[in-house]
Ligand SMILES: [Zn+2]
Ligand SMILES: [Zn+2]
């Protein structure tokens, strides 16, 4: 009997919590009519997008089961959105870079501003200094030198983030690992902070094709990690920049653009002018020699502005 009473008390307690959660949520959840224009725009661009192909051996989704997240889930349950006091994305270069890498950091900063429709600024380079032994492994001689991503985020990037930052992303030429169980990561994000690496993208001083491929890989990881800083998780139903990625081949197979569900999260969170943003992204991609992305964003601009 005592056990039963405890169960009844517990169920009463859980009911109270559930009612409170529903009431609190109703205070913050957008009303359906406010979201209708976003849903309509999603419908317009939907035919341009491709369903996620089945994962190949070794791909992210072959290894990790993930649920994905709809636009509605993002609005209702989890997001980090820019506010008037906190709306700038900062890019923080960590250590030294070649002139070509330096120009690429400027271009990446520009792309993040266009993609997320908020101010994006580059901070002065931060010295890496003495790296603690537990945040460092491998050696330059064996070409397997790596830095611990969470150390860079918490100890190097976090103290340098300006007050008006909505998101801050550090960039290094060192290879990164995120902690136990992983060989490497292209980048990682924790809350509104992230770090990504230029280490695994090929030859930035190669021929024009190699340079464009290097740039595209850098842009892909920067856009992806910044998406995580808005609290957008990995995307599973479409071919999308927010798909998880397990290696360079998989990164190359994925697009630079977001799917309709993930796009709507940016439209809503960053209050962007949709058609204008697509046109600017198309112009940027064209200028960077990324013809596929340029054509895609051009088509997207057209369907949104030709109604
Ligand atoms: Zn990710
Ligand atoms: Zn998506």
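Couple of notes before you dig in:
- Computed per residue of the chain from DSSP H runs no shorter than four, each worth -39500 (n - 2.57), the mean residue ellipticity at 222 nm is -14500 deg cm²/dmol.
- If both residues of a DSSP beta bridge must be in region 33-305, then about 35% of such bridges are antiparallel.
- Restricting the calculation to Cα atoms, region 165-307 shows an Rg/Rh of 0.96 when the hydrodynamic-style radius is the Kirkwood one.
- Between residue 134 and residue 305, the FRET efficiency from the beta-carbon distance, with R0 = 51 Å, is close to 0.45.
- Summary of packing: across the peptides 236-244, 284-292, 179-187, the per-residue average of other C-beta atoms within 10 Å ranks them, highest first, as 236-244, 284-292, 179-187.
- For the chain, dividing the convex hull volume of the Cα atoms by the residue count gives 184 Å³ per residue.
- Centre-to-centre, using Cα atoms only, region 89-105 and region 141-203 are separated by 13 Å.
- Model label sites at residue 190 and residue 158, defined 7 Å from Cα along the beta-carbon direction, differ in position by 0.6 nm.
- Pair residue 63, residue 43: separation of 7 Å Cα→Cβ label points (nm): 4.0
- For region 218-276, the Kirkwood radius over C-alpha pairs fed into Stokes-Einstein at 10 °C and 1.306 mPa s yields D = 135 µm² per second.
Computed from the coordinates by the stated procedures, all read-outs in this text should not be read as laboratory data. Bear in mind that the values here come from a model prediction, so they are computed numbers and not experimental data. Note that each Cβ is placed from the backbone with ideal geometry, even for glycine, and that neighbours are counted across all protein chains shown.
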